[in-house]
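Asker: One structure coming up, written as structure tokens, with questions to follow.
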Amino acid sequence: MKIVYQLVRFLCLLFVCTSIAHSQTYPNKPIKLIVPFPPGGTADILGRMLGDKLAVVTSQLVIIENRAGAAGGIAAQLVAKSPPDGYTLLLGTTGTQTMNPAINSKLPYDPLKDFASVSNFAASPFVLVVNPNVPAQNLKELIDLANKKPGSLRYASFGSGSSAHMTGEMFKLRAGVDIVHVPYKGAAPALVDVIGGHVDMMFTLAPSIVQHLRSGALRAIAVAAPQRDQAIASVPTFTEAGLSNFSSDSWYGVFAPAGTPQPIVAKLNADIQKILAMPDVKQKLASEGAIPVGNSPEQFTEQVRKELEHWTKIAKEAKISE
């Protein structure tokens, strides 16, 4: 028994020493950051911003790879099954880690067990926007229009189970309206069809619509946050517009595969804190309507846990499942 004990102790020490050695030389080759949505949307904008700065602080190439599909599920599954060495990371979102799992019990990944949380990078509140041809100038008029013609208004989303979909369903419950969901494969194609008038409206994020609001291609109705978004300060919150207790945002954080050595997770977290402290990053996030977060791995894991519970409840109330 003594020999067995010593052998187990030796193997444990060997594992710890190996992990420390790897973390001390990490990173020594390119890092791949998987973005779960197509180019052009908020996830892509923020992912590339993060990737550019991560390349600077690590002195390594950071490759951005867009893997769209299944409301971000394809990208999440890819990272969950990747080697836990810190070289394949996920730009996880509210949708991939909480909302999609809330409605789909058959996902090929577990949002808590299959990932090591690194840090929440930034968050952006949802904004309800409509095509300018929709005859509603504010939230009250939009709700009245929906009630006069139940099922006639259609709202686009980034995909079934996405954060935009779940926010739309929460709106239907809280406002008591009958509007029809039209899923797309990502934010960018959904936005194109709202601007083109093929779909009436959508819940989306300020970083991808600021320019369209300024040009008049879209009209903003309300922001789903406690305070107004400084990037679009003229747009009221839902509470100001008459619908209280309606809040929803989409965050973008970094996850590694479960089993990634703690020193590597700690280094990545420290690197993200450095990036968020950069003045140009703060300015860029603000101009895009995003708020810097930068929490600890433990805080991020707890955030995911609580939001998963919240959106699971919303999914049950709305009777959404896959």
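The values are calculated or read from the model by the stated rules, or taken from the named source; none is laboratory data. If you're wondering where the values come from, they're calculated on a predicted model, not measured in any experiment. Every residue, glycine as well, gets a Cβ built from its backbone with ideal geometry; the counts of neighbours run over all protein chains shown.
Asker: Take region 58-86 and flag every residue that is part of a loop (DSSP other than H, G, I, E, B) and hydroxyl-bearing (S, T, Y). Break it down into steps so the answer makes sense when it comes.
Answerer: Start the filter on region 58-86 by keeping residues that are part of a loop (DSSP other than H, G, I, E, B), which leaves 59-61, 67-69, 81-86.
Within region 58-86, S59, S82 meet the criteria.
For (1) crowded, with 24+ Cβ neighbours inside 10 Å; (2) under 24 Å from T42 (Cβ atoms), each residue gets a yes or a no:
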site	(1), (2)
Q60	no, no
A80	no, yes
L90	yes, yes
T98	yes, yes
S105	no, no
D110	no, no
K113	no, no
S119	no, yes
S124	yes, yes
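Asker: Against the conditions (1) under 23 Å from P101 (Cβ atoms); (2) under 18 Å from the mean Cα position of the chain (by Cα); (3) modelled with pLDDT under 95; (4) not acidic (D, E), where does Q299 fall short? Just the number, please.
Answerer: (3)
Asker: Here is a follow-up. From the list V199, V194, V118, V134, pick out the single residue that is in contact with a strand residue (DSSP E or B) (Cβ under 7 Å, 6 or more places away or on another chain), farther than 19 Å from S287 by Cβ and in the same structural domain as D85 (by TED's automatic domain parsing).
Answerer: Details: V199 fails: in the same structural domain as D85 (by TED's automatic domain parsing); V194 fails: in the same structural domain as D85 (by TED's automatic domain parsing); V134 fails: in the same structural domain as D85 (by TED's automatic domain parsing).
Unique residue meeting the criteria: V118.
Asker: Go through region 70-99 and give me each residue that's on the phi > 0 side of the Ramachandran plot and touching a Phe, Trp or Tyr at 6+ places or on another chain (Cβ under 9 Å). It would help to see each step written out before you state the result.
Answerer: Restricting attention to region 70-99, the residues satisfying the condition of being on the phi > 0 side of the Ramachandran plot are 70-72, 86.
Listed by number, the residues that qualify are A71, G72, G86.
Asker: On the given criteria, is N295 in contact with a strand residue (DSSP E or B) (Cβ under 8 Å, 6 or more places away or on another chain), in the same structural domain as D110 (by TED's automatic domain parsing), outside any loop (DSSP other than H, G, I, E, B) and of a type in the set (S, T, N, Q)?
Answerer: Working: in contact with a strand residue (DSSP E or B) (Cβ under 8 Å, 6 or more places away or on another chain): yes; in the same structural domain as D110 (by TED's automatic domain parsing): yes; outside any loop (DSSP other than H, G, I, E, B): no; of a type in the set (S, T, N, Q): yes.
When the stated conditions are applied, N295 does not pass them.
Asker: Which is touching a strand residue (DSSP E or B) at 6+ places or on another chain (Cβ under 6 Å) and either outside the structural domain of Q97 (by TED's automatic domain parsing) or at pLDDT below 95 (or both), of R154, R174? Show your work before the answer.
Answerer: On the way: R174 fails: touching a strand residue (DSSP E or B) at 6+ places or on another chain (Cβ under 6 Å).
Unique residue meeting the criteria: R154.
Asker: Continuing with this model, one more query. Is it the case that region 200-212 has a residue that's surrounded by fewer than 18 Cβ atoms within 10 Å (Cβ to Cβ) and either closer than 14 Å to A71 by Cα or charged (D, E, K, R) (or both)?
Answerer: no
Asker: I've got another one for you. Going by the structure shown, is A258 of a type in the set (G, A, S) and assigned by TED's automatic domain parsing to the domain that holds G168? If you could, list the steps in order and put the result at the bottom.
Answerer: Details: of a type in the set (G, A, S): yes; assigned by TED's automatic domain parsing to the domain that holds G168: no.
In short, no.
Asker: Related question: Mind listing just one residue for me: the one in region 34-55 that is surrounded by fewer than 23 Cβ atoms within 10 Å (Cβ to Cβ) and without any contact (Cβ under 8 Å) to a residue 60 or more places away in the chain and, of those, nearest to the chain's Cα centre (by Cα)?
Answerer: Only one residue fits best here, namely R48.
Asker: When region 234-263 is examined, which residues are found to be touching a residue at least 40 places away in the same chain (Cβ under 8 Å), of a type in the set (V, I, T) and not in a loop (DSSP other than H, G, I, E, B)?
Answerer: V254
Asker: Give the residue, chosen from A266, A231, that is within 25 Å of E288 (Cα to Cα), of a type in the set (A, V, I, L, M, F, W, C) and assigned to a helix (DSSP H, G or I).
Answerer: Working: A266 fails: within 25 Å of E288 (Cα to Cα).
Among A266, A231, only A231 is within 25 Å of E288 (Cα to Cα), of a type in the set (A, V, I, L, M, F, W, C) and assigned to a helix (DSSP H, G or I).
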